[in-house]
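Student: Encoded as structure tokens, here's the structure I'll be asking about.
The values are calculated or read from the model by the stated rules, or taken from the named source; none is laboratory data. All figures in this text were calculated on a predicted structure; none of them were measured in a lab. Every residue, glycine as well, gets a Cβ built from its backbone with ideal geometry; the counts of neighbours run over all protein chains shown.
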Amino acid sequence: MKEELELQLVKKYPYIFKNYKGDKTKTCMAWGMTCGDGWYDILDRACEKLSKIEGVYAEQVKEKFGMLRFYIHMDKKAYENDKELWKKAHAITEEAEM
């Protein structure tokens with residue numbers, strides 16, 4: 001994805017993309033979002049939904065075999081408070097991938 005589009009998502013969803021361009025030994029987000037520009041709207045809609053769930057952030061966003069892959073992580077504290085949130089978060093990423 002063009003860096004300009006990535007930065008729009010990072011600015012709009014700073015917590016979700018808190019590891020954007022981070023340490024490559026700690027996050028796959030170090031390489032940015034390795035998918036085509038055409039995924040922008042789908043990612044934006046998914047992130048809008050994910051932003052309502054506390055503690056969720058992106059681990060990796062990529063295109064593989066022509067399909068979107070959106071891997072997330074949830075802060076331990078948020079997960080321990082409500083395990084159903086994890087299911088909701090994964091349902092959002094699965095919907096985006098479909």
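Student: For E54, only one of the following conditions fails: (1) out of contact with any Leu (no Cβ under 9 Å at 6 or more places or on another chain); (2) in a loop (DSSP other than H, G, I, E, B). What is its number?
Tutor: Only one criterion in (1) out of contact with any Leu (no Cβ under 9 Å at 6 or more places or on another chain); (2) in a loop (DSSP other than H, G, I, E, B) is unmet by E54, namely (1).
Student: Looking only at region 77-97, decide whether some residue is touching a Gly at 6+ places or on another chain (Cβ under 9 Å), within 27 Å of K2 (Cβ to Cβ), of a type in the set (D, E, K, R) and touching a residue at least 24 places away in the same chain (Cβ under 8 Å).
Tutor: No, every residue in region 77-97 fails to be touching a Gly at 6+ places or on another chain (Cβ under 9 Å), within 27 Å of K2 (Cβ to Cβ), of a type in the set (D, E, K, R) and touching a residue at least 24 places away in the same chain (Cβ under 8 Å).
Student: So which residues in region 68-93 are modelled with pLDDT of 95 or more, more than 9 Å from the chain's Cα centre (by Cα) and surrounded by fewer than 15 Cβ atoms within 10 Å (Cβ to Cβ)?
Tutor: Passing the criteria: only A91.
Student: Sticking with this one: Could you please find all residues in region 56-67 being buried (at least 17 other Cβ atoms within 10 Å of the Cβ) and aliphatic (A, V, I, L, M)? Steps first, please.
Tutor: We begin by selecting, within region 56-67, every residue buried (at least 17 other Cβ atoms within 10 Å of the Cβ); these are 56-58, 60-62.
The answer is V56, A58, V61.
Student: Only residues that are in contact (Cβ under 8 Å) with a residue 24 or more places away in the chain, of a type outside the set (V, I, T) and not in a loop (DSSP other than H, G, I, E, B): list them for region 22-47, please.
Tutor: Scanning region 22-47 gives C28, M29, D37, W39, Y40, L43, D44, R45, A46, C47.
Student: Mind listing whichever residues of region 2-21 are in contact with a helix residue (DSSP H, G or I) (Cβ under 8 Å, 6 or more places away or on another chain), surrounded by fewer than 20 Cβ atoms within 10 Å (Cβ to Cβ) and in a loop (DSSP other than H, G, I, E, B)?
Tutor: Residues satisfying the conditions are K2, N19, K21.
Student: Take the conditions surrounded by fewer than 19 Cβ atoms within 10 Å (Cβ to Cβ), under 14 Å from E97 (Cα atoms), of a type in the set (V, I, T) and touching a helix residue (DSSP H, G or I) at 6+ places or on another chain (Cβ under 8 Å) and apply them to I53. Does it pass?
Tutor: no
Student: I would also like to ask the following. Within region 22-50, restricting attention to residues that are among the hydrophobic types (A, V, I, L, M, F, W, C) and closer than 15 Å to E94 by Cα, which residue is surrounded by the fewest Cβ atoms within 10 Å (Cβ to Cβ)?
Tutor: Only one residue tops the list, namely I42.
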